[in-house]
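Accompanying notes for the structure given below.
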Amino acid sequence: MEFLHAITVEPIMGIAEDYIFFGEVVISGLLTGVMYSLVALGFVLIFKASGVFNFAQGIMVLFAALTLVGLIDFGIPIWLAMLLTMGVMVALAFVIEYLILRHLVNQPDIILFMSTIGLAFFLEGFGELIWGANVKALNIGIPEISMDVGGMLLNSFDIIAAAIGASLVAVLAIFFQFTPMGRALRAVADDHQAALSIGIPLKTIWVTVWSVAGIVALVAGVMWGAKSGVQFSLSLIAFKALPVLILGGLTSVPGAIIGGLIIGVGEKVAEVYWGPAVGGAIENWFAYMLAMVFLFFRPQGLFGERIIERV
Amino acid sequence: MFYRETGQFKTNYNADQAIFPIAQDRWFVTAVILIAYSIVPFYATEYLLQAVLIPMLIFTIAALGLNILTGYAGLLSLGTGAFMAMGAYSAYKITTAFPELNIIIVFLLSGVSAALVGIMFGIPSLRIKGFYLAVATFAAQFFLLWMFNKVAWWVNYSPSGTITAPPREMFGHMMTGPTATPETRYFLVLTFCVVFAFIAKNLVRGRIGRQWMAIRDMDIAAEIIGIRLLPNKLLAFAISSFYCGVAGALLIFSYLGSAETEAFDIAVSFDVLFMVIIGGLGSILGSFLGAAFIWLTPIILTNVPHLVGLEIATDVQKHIEIMIFGSLIVIFVIFEPAGLARLWSIGKEKLRRWPFPY
């Protein structure tokens, strides 16, 4: 009875009593959600263009951040280090296409998935071998001051991070919608064979999406790294991005954003109001449960393409 | 020359439908089992039994379970670690609540409890498919481990949050606990592994297995020819989780001795998935080969530098190990996507014509 009270009445009372605090929770959830979306975006880009579920995306975030921090430690100015890291991520895309993807055309999905897990292991060892495994601070000069907006305390860093995330999404949307390359990408995503037959070079497309995903990983790595330090656990945010991904739909860029926002808010609100009743630390699984409930009603995610099956 | 079925005529249906219709296969399997029971435990060092063979056999059971689900029924699951944890924690609860109960029965019951949980998390599989399902099974992984960490009832309110295998006796021998000899534990694990492998082999070549394979190849077509999806998918989840649950219980009781939830974290789920894919999806033999490959590779990688006299700092070696392991997986997947079991069958084909191939 007490437990029932704790999970039904008390949270609602808590929300009603202090709605400014509730607003704070929701907004911090939204801001975290944007960060999740950043990681989920990398997954979506690659899945959309090649049907590969790239498990290495989380490690790519870590790898990009490690490279950036390592370069900055050499005394290279930040803007140059950023450019160099972008170059490294593009080079990585070329290498991955040349060594792995090229040999796995027409293999079942699970085999491609496996190869990206192998890649994740390799990059993890490689990154830490070169740049070391200890926690590093990443300071890119974004101010971190608390601001008072309508009675709610907000962190300026979170807002700037969200703005950067939002503009990245806008740029990607324009890229997909209005450039010849974007059109080619959408064509490949639609139908490999048809795209090949009208002369779209599949290999160039793959290198491009993996490069773009690498750059998205860099942005995510910078944001998360500046927030919580560059360390191995950075790659674990991939596990945060996965429910976002399936909630929004594996093939949808807007889905990754909306999914991120839903998961971000849902998990913050659940942790703050329902967490104490069940012992806390529910952030780890709550997102997955939420995604699973959504999937019951829409098995392809909120914005995913409808899966049409024929015999 | 040695591996030919020429002249082995079948005169009745029973012989034709035997598990191993070719005599050489029968001899080979019998010989391996005999060697595993009679020669290995008496000549193997304690290190070999304790650190190599026992965990390898336990992971083989888990791989068999996942292979039933992923390889035969085509349902990708990443929650193996959680189902193993369910088995381990249930075994601990059952055996501490009923100390008199035979330890074999405890293991089987813990498998049943894992199977029930497996069915629960398998329900979405009717609507959710492919990678969506794989990610959804992460829910089991994170939720169950969180539950074992937070609900003190599972660890009998011990403040450390660990479960420890209590000493249990059978046939006058200590089966589990600190005083059990490696040999006894090896026999226990080996017996489970052999029996479970035979059950799995028979399951997948019978009606149930064929239904699973039809669902794997195309579930809509399977539905049209009259295979009921929900019961069959749930059965696959149940049996797979049963295997994983028993494997998890054995992992604590026969190998680790005591453990926290970390012993069953996401890395375990991935390791078992590697075993299944590297070994060969949809192959019982593949589960054995895959488990051996994935369990032995890190051990070999750790020991090789010492053997050749190379001294590397431990953290550097750890990183190189991960790199080599990752590259091996990629190389394997590129060169033999169908797994070790396929290599084995190619080898058998070659052996059939050896030494005069045409």
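Free of Cβ contacts under 8 Å to residues at least 40 places away in the same chain, within 12 Å of another protein chain (Cβ to nearest Cβ) and under 27 Å from A:VAL209 (Cβ atoms): does that describe A:ILE282? Can you show your working first?
Working: free of Cβ contacts under 8 Å to residues at least 40 places away in the same chain: yes; within 12 Å of another protein chain (Cβ to nearest Cβ): yes; under 27 Å from A:VAL209 (Cβ atoms): no.
No.
Within the stretch A:11-25, residues that are under 21 Å from A:LEU154 (Cα atoms) sit with their Cβ atoms under 6 Å from residues that are hydroxyl-bearing (Ser, Thr, Tyr) and buried (at least 17 other Cβ atoms within 10 Å of the Cβ), at 6+ positions apart or across chains, in these pairs: A:GLY14/A:TYR273. Looking across the stretch B:310-354, the residues that are at pLDDT 80 or above and part of a loop (DSSP other than H, G, I, E, B) come down to B:GLU336, B:PRO337, B:ALA338, B:GLY339. The lone criterion from (1) buried (at least 20 other Cβ atoms within 10 Å of the Cβ); (2) within 14 Å of another protein chain (Cβ to nearest Cβ); (3) of a type in the set (S, T, N, Q) left unmet by A:THR208 is number (2). Taking the conditions exactly as written (at the interface with chain A (Cβ under 10 Å from one of its Cβ atoms), closer than 20 Å to B:THR261 by Cα and surrounded by fewer than 24 Cβ atoms within 10 Å (Cβ to Cβ)), does B:PHE131 satisfy them or not? So B:PHE131 fails the test. Only one entry in A:ALA220, A:ALA277 is surrounded by 24 or more Cβ atoms within 10 Å (Cβ to Cβ) and either at pLDDT 85 or above or within 14 Å of another protein chain (Cβ to nearest Cβ) (or both), namely A:ALA220. Within this structure, B:GLY81 fails the test of being in contact with a Leu (Cβ under 9 Å, 6 or more places away or on another chain), within 14 Å of chain A (Cβ to nearest Cβ) and on the phi > 0 side of the Ramachandran plot. The residue pairs whose first member lies in the stretch A:101-115 and is more than 7 Å from every other protein chain (Cβ to nearest Cβ) and assigned to a helix (DSSP H, G or I), whose second member is surrounded by 15 or more Cβ atoms within 10 Å (Cβ to Cβ) and aromatic (Phe, Trp, Tyr), and whose beta carbons are closer than 6 Å, counting only pairs six or more residues apart or on different chains, are A:LEU101/A:TRP206; A:PHE113/A:PHE53. Could you tell me which residue of the stretch B:245-296 is farthest from the other protein chains (Cβ to nearest Cβ), considering only residues that are in contact (Cβ under 8 Å) with a residue 24 or more places away in the chain and of a type in the set (D, E, K, R)? In this case the residue turns out to be B:GLU260. Report yes if some residue within the stretch A:296-303 is more than 30 Å from A:ASP18 (Cα to Cα), part of a helix (DSSP H, G or I) and out of contact with any Leu (no Cβ under 9 Å at 6 or more places or on another chain); otherwise report no. Looking through the stretch A:296-303, at least one residue is more than 30 Å from A:ASP18 (Cα to Cα), part of a helix (DSSP H, G or I) and out of contact with any Leu (no Cβ under 9 Å at 6 or more places or on another chain). Applying a threshold of 6 Å to beta carbon distances and a minimum spacing of six or more residues, or different chains, the list of pairs starting in the stretch A:173-196 at a residue that is without any contact (Cβ under 8 Å) to a residue 24 or more places away in the chain and ending at one that is of a type in the set (Phe, Trp, Tyr) reads A:GLY182/A:PHE175; A:GLY182/A:PHE176. Among the candidates B:GLY74, B:GLY161, the residue that is surrounded by fewer than 22 Cβ atoms within 10 Å (Cβ to Cβ) and either over 21 Å from the mean Cα position of the chain (by Cα) or not in a helix (DSSP H, G or I) (or both) is uniquely B:GLY161. Scanning the stretch A:184-196 for residues that are closer than 20 Å to A:HIS103 by Cα and assigned to a helix (DSSP H, G or I) turns up A:VAL188, A:ALA189, A:HIS192, A:GLN193, A:ALA195, A:LEU196. Every test in (1) in contact (Cβ under 8 Å) with a residue 24 or more places away in the chain; (2) at the interface with chain B (Cβ under 9 Å from one of its Cβ atoms); (3) farther than 27 Å from A:ILE160 by Cα; (4) not β-branched (Val, Ile, Thr) is passed by A:PHE239 save one, and that test is (3). Residues in the stretch A:193-214 that are within 19 Å of A:GLU305 (Cβ to Cβ) and under 25 Å from the mean Cα position of the chain (by Cα): A:ILE205, A:VAL209.
Does at least one position in the stretch B:290-309 carry a residue that is assigned to a helix (DSSP H, G or I) and under 25 Å from A:ASN106 (Cα atoms)?
Of all residues in the stretch B:290-309, those assigned to a helix (DSSP H, G or I) come to B:290-307.
Retained after the next criterion (residues that are under 25 Å from A:ASN106 (Cα atoms)): B:290.
So far as the stretch B:290-309 goes, yes, one or more of its residues are assigned to a helix (DSSP H, G or I) and under 25 Å from A:ASN106 (Cα atoms).
Residues in the stretch B:148-157 that are surrounded by fewer than 19 Cβ atoms within 10 Å (Cβ to Cβ), of a type outside the set (D, E, K, R) and assigned to a helix (DSSP H, G or I): 3 in all. Under 8 Å by Cβ, and 6 or more places apart or on different chains, what pairs join a residue from the stretch B:311-339 that is more than 8 Å from chain A (Cβ to nearest Cβ) with one that is part of a helix (DSSP H, G or I) and among the polar types (S, T, N, Q)? Listed by first residue and then by second, the contacts come to B:GLN317/B:THR302. Taking the criterion of being over 30 Å from A:ILE308 (Cβ atoms), over 15 Å from the mean Cα position of the chain (by Cα) and in a helix (DSSP H, G or I), the residues of the stretch B:205-251 that qualify are B:ARG205, B:ARG207.
Residues in the stretch A:250-262 include at least one that is under 16 Å from the mean Cα position of the chain (by Cα), at the interface with chain B (Cβ under 9 Å from one of its Cβ atoms) and either over 28 Å from A:PRO11 (Cα atoms) or β-branched (Val, Ile, Thr) (or both).
Would you check which residues across the stretch B:327-358 are closer than 23 Å to A:PHE126 by Cα, surrounded by fewer than 19 Cβ atoms within 10 Å (Cβ to Cβ) and of a type in the set (Val, Ile, Thr) and list them? Once the filter is applied, which keeps residues that are closer than 23 Å to A:PHE126 by Cα, surrounded by fewer than 19 Cβ atoms within 10 Å (Cβ to Cβ) and of a type in the set (Val, Ile, Thr), the stretch B:327-358 yields B:ILE331, B:ILE334.
The values are calculated or read from the model by the stated rules, or taken from the named source; none is laboratory data. These numbers were taken from a predicted model, which means no experiment stands behind them. No Cβ is skipped: glycine too gets one built from the backbone with ideal geometry, and neighbour counts run over all protein chains shown.
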